[in-house]
């Protein structure tokens, strides 16, 4: 089965790009190209546009790599993290609590679910990479240690590194108030 | 005519974690009494039809003054089943929880699973072990609706909640149930979440018709009594 995905240049579903590249590197052909919208077209009637749905469809269609976890419990942990990534972690107001929680969970762990890469890692990496709050705290040197270790470990792997080079992370925001013009 | 067929029937060659001769599965679910996870009642009922389920309900001291009588014994086996004969135990604990009801099955291996939708996903995987592999498109469509429930109806602001209801209304213009001609997990969870988030009081036409359909369907009967 060949699967084709289109990716929107301005709001790329990076986790879908990563999973496509990861599957391709494992000799499973998933092609992606730039297009109008993030979109995985299944057939004439069905297409998936949301990142989480594209990831779930890919994980289920290519089960041999266990990207959706190995058993019922791990699959549900993956679902938990997909909700977390595209919910709390993507929300400007919830971000701070979300990243603190993430840091606690990652303290003893290399991957979010089990001992290997899953959709959960791809999704959380995507949201961090495209989040200016995360990129700013990383640049300022005050990013939570365990999340930083997780993000850096993934980014050091070839597929993530290549995607990060092609799709630069969110812009770093200068801290307010320090060098601002005097308010007259 | 009302049908009594179960949408979550086992029809697979994949073994359920409950049928692999392992030790009993121990599900501990913490939930806030101010928001009863109605889908849990429906799914727990399904689980009981299939397996020997030991049920118990506890009230944490932090909420002991605010749990109504009808919730105190919501899940209970009334001493009819010995622990040694049970295939699965479900313990419901009423307490204050942040980020929705929580599920713990194996604290040595897992992260706490948060959200009613994800508890529903786990129980469905026990009921229907091949749900992820049998029909990949359908499973992903159901999940898309469950994400809508969690991210827009439960966690969203008023605008996002209203948009989610409009999405459901458009969907139900084409078919009686959310994913086709018969109820699926999406119907059970969306029905439950609409009740809890106050979106069931003055719904648009198609949603209203669907809510009435749910209310009459045998699948929902164990939970209907708890709709205020």
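The values are calculated or read from the model by the stated rules, or taken from the named source; none is laboratory data. Given the structure is predicted, the values throughout are model-derived calculations rather than measurements. Ideal geometry is used to build each Cβ from the backbone, glycine not excepted, and the neighbour counts take in all protein chains shown.
Matching residues to (1) surrounded by fewer than 22 Cβ atoms within 10 Å (Cβ to Cβ); (2) on the phi < 0 side of the Ramachandran plot; (3) modelled with pLDDT under 95:
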{"position": "B:190", "(1), (2), (3)": "no, yes, no"}
{"position": "B:205", "(1), (2), (3)": "yes, yes, no"}
{"position": "B:213", "(1), (2), (3)": "yes, yes, no"}
{"position": "B:227", "(1), (2), (3)": "yes, yes, yes"}
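So that you can scan it fast, the table gives a plain yes or no per residue for (1) more than 10 Å from chain B (Cβ to nearest Cβ); (2) farther than 28 Å from residue A:147 by Cβ:
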| site | (1), (2) |
| --- | --- |
| A:6 | yes, yes |
| A:23 | yes, no |
| A:27 | yes, yes |
| A:33 | yes, yes |
| A:57 | no, no |
| A:63 | no, yes |
| A:72 | no, no |
| A:76 | no, no |
| A:95 | yes, no |
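Quickly run through the stretch A:64-73 and pick out the residues that are closer than 16 Å to residue B:125 by Cα and more than 18 Å from the chain's Cα centre (by Cα).
A:70, A:71, A:72, A:73
Go through (1) within 26 Å of residue B:217 (Cα to Cα); (2) touching a residue at least 60 places away in the same chain (Cβ under 8 Å); (3) touching a helix residue (DSSP H, G or I) at 6+ places or on another chain (Cβ under 7 Å) one by one and return the number of the condition residue B:75 breaks.
(2)
Condition first: within 14 Å of chain A (Cβ to nearest Cβ) and at positive phi. Can you find one or more residues in the stretch B:41-55 that meet it?
No, because not a single residue in the stretch B:41-55 is within 14 Å of chain A (Cβ to nearest Cβ) and at positive phi.
So that you can scan it fast, the table gives a plain yes or no per residue for (1) in contact with a helix residue (DSSP H, G or I) (Cβ under 8 Å, 6 or more places away or on another chain); (2) more than 10 Å from chain A (Cβ to nearest Cβ); (3) more than 29 Å from residue A:61 (Cα to Cα):
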{"residue": "B:126", "(1), (2), (3)": "yes, no, no"}
{"residue": "B:131", "(1), (2), (3)": "yes, no, no"}
{"residue": "B:136", "(1), (2), (3)": "yes, no, no"}
{"residue": "B:156", "(1), (2), (3)": "yes, no, yes"}
{"residue": "B:161", "(1), (2), (3)": "yes, yes, yes"}
{"residue": "B:175", "(1), (2), (3)": "no, yes, no"}
{"residue": "B:183", "(1), (2), (3)": "yes, yes, no"}
{"residue": "B:189", "(1), (2), (3)": "yes, yes, no"}
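Anything in the stretch A:36-55 that is within 7 Å of chain B (Cβ to nearest Cβ) and either over 14 Å from the mean Cα position of the chain (by Cα) or part of a loop (DSSP other than H, G, I, E, B) (or both)? List them, or say none. Please lay out each step first, then the result.
At the first step, the residues of the stretch A:36-55 found to be within 7 Å of chain B (Cβ to nearest Cβ) are A:42, A:46, A:48, A:50, A:52-53.
Those that are within 7 Å of chain B (Cβ to nearest Cβ) and either over 14 Å from the mean Cα position of the chain (by Cα) or part of a loop (DSSP other than H, G, I, E, B) (or both): A:42, A:46, A:48, A:50.
For the stretch B:55-67, which residues satisfy the criterion of being surrounded by 10 or more Cβ atoms within 10 Å (Cβ to Cβ) and part of a loop (DSSP other than H, G, I, E, B)?
B:60, B:64, B:66, B:67
Here is a list: A:128, A:102, A:148, A:154. Which entry is part of a helix (DSSP H, G or I), surrounded by 21 or more Cβ atoms within 10 Å (Cβ to Cβ) and more than 13 Å from the chain's Cα centre (by Cα)?
Numbers: A:128 fails: more than 13 Å from the chain's Cα centre (by Cα); A:148 fails: surrounded by 21 or more Cβ atoms within 10 Å (Cβ to Cβ); A:154 fails: more than 13 Å from the chain's Cα centre (by Cα).
Criteria check complete, one pass: A:102.
I'm checking my understanding of the structure. Among residues of the stretch B:75-105 that are assigned to a strand (DSSP E or B) and more than 14 Å from chain A (Cβ to nearest Cβ), which one is nearest to residue B:64 (Cα to Cα)?
If we take residues in the stretch B:75-105 being assigned to a strand (DSSP E or B) and more than 14 Å from chain A (Cβ to nearest Cβ), then B:94 is nearest to residue B:64 (Cα to Cα).
Can you name every residue in the stretch A:80-93 that is within 11 Å of chain B (Cβ to nearest Cβ) and either assigned to a helix (DSSP H, G or I) or more than 14 Å from the chain's Cα centre (by Cα) (or both)?
Of everything in the stretch A:80-93, those that are within 11 Å of chain B (Cβ to nearest Cβ) and either assigned to a helix (DSSP H, G or I) or more than 14 Å from the chain's Cα centre (by Cα) (or both) turn out to be A:80, A:81, A:82, A:83, A:84, A:85, A:86, A:88, A:90, A:91, A:93.
Here are B:194, B:148: which of them is more than 30 Å from residue A:66 (Cβ to Cβ) and surrounded by 23 or more Cβ atoms within 10 Å (Cβ to Cβ)?
B:194
Could you pull out the residue among B:145, B:151, B:168, B:213 that is in contact (Cβ under 8 Å) with a residue 24 or more places away in the chain, closer than 26 Å to residue A:121 by Cβ and either away from every other protein chain (no Cβ under 14 Å) or over 13 Å from the mean Cα position of the chain (by Cα) (or both)?
Values: B:151 fails: in contact (Cβ under 8 Å) with a residue 24 or more places away in the chain; B:168 fails: closer than 26 Å to residue A:121 by Cβ; B:213 fails: closer than 26 Å to residue A:121 by Cβ.
Residue meeting the stated conditions: B:145.
Right, residue A:112: assigned to a helix (DSSP H, G or I), under 17 Å from residue A:152 (Cβ atoms) and within 13 Å of another protein chain (Cβ to nearest Cβ) or not? Before the answer, list the steps.
Details: assigned to a helix (DSSP H, G or I): no; under 17 Å from residue A:152 (Cβ atoms): yes; within 13 Å of another protein chain (Cβ to nearest Cβ): yes.
It is false that residue A:112 is assigned to a helix (DSSP H, G or I), under 17 Å from residue A:152 (Cβ atoms) and within 13 Å of another protein chain (Cβ to nearest Cβ).
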